[in-house]
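FYI, it's all coordinate maths here, none of it is from the lab. Because the structure is predicted, anything quoted here is derived from the model rather than measured. All Cβ positions, glycine included, derive from the backbone under ideal geometry; neighbour counts span all protein chains shown.
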Amino acid sequence: MTSDDCLFCRIVSGELPTELVAQSERTIAFRDINPAAPVHVLVVPRRHEPTIGALAAASTEDLADVFALIAQVTQQEGIAEHHRLVFNTGSKGGQSIFHAHGHVLGGKVFTER
Ligand code: DGP
């Protein structure tokens, strides 16, 4: 399931280049183009669903794999003990790309909520 005009689908398919961090059969992880922390990795299911909630409703296997790859990324990046996970949902929740993804942020101290 893909969407031709979806930026993350085009990254998942390899049409657009990216700095790959990790991947599995169901999920890929790559560096955010506009990092908000020293480590800022996007973890993206290959399946196109607009939000993390829609992904959960569509496939618990894909949802679980997102979290498994997040755990792998935090280990690889040396931030397993201290990091922040963000899943923006909807434009009012700060989401700008409507293909489900998690932000893995680390390498700094987070004080703000
Ligand atoms: P969100 O606002 O939660 O939908 O997050 C989208 C993120 O995607 C944002 O932090 C910037 C990042 N981004 C946008 N375009 C690209 C791109 O072409 N490549 C990469 N690696 N990241 C992108």
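Some points to look at:
- Integer Hz, Karplus 6.51/-1.76/1.60 couplings in order for region 40-49, x for Gly and Pro: 9, 10, 9, 10, 10, x, 5, 5, 7, 9
- Acute angle (nearest 10 degrees) that the helix 60-76 long axis makes with the longest principal axis of the chain, alpha-carbon atoms: 30 degrees
- Rg/Rh for the chain, where both radii come from Cα atoms and Rh is the Kirkwood radius: 0.94
- The sum of -39500 (n - 2.57) across all DSSP H runs of n ≥ 4, divided by the residue count of the chain, sets its helix-only mean residue ellipticity at 222 nm to -8000 deg cm²/dmol.
- The GluC sites (Glu not before Pro) of region 42-113 meeting both criteria, a DSSP state outside H, G, I, E and B (loop) and at most 11 other C-beta atoms within 10 angstrom of the site's C-beta, are Glu81, Glu112.
- For Glu49, the residues whose modelled amide H falls within less than 5 Å of its own, excluding neighbours fewer than 5 places apart on the same chain, are Ala100.
- Normalised alpha carbon radius of gyration of region 43-94 [divisor 2.2 N^0.38 Å]: 1.23
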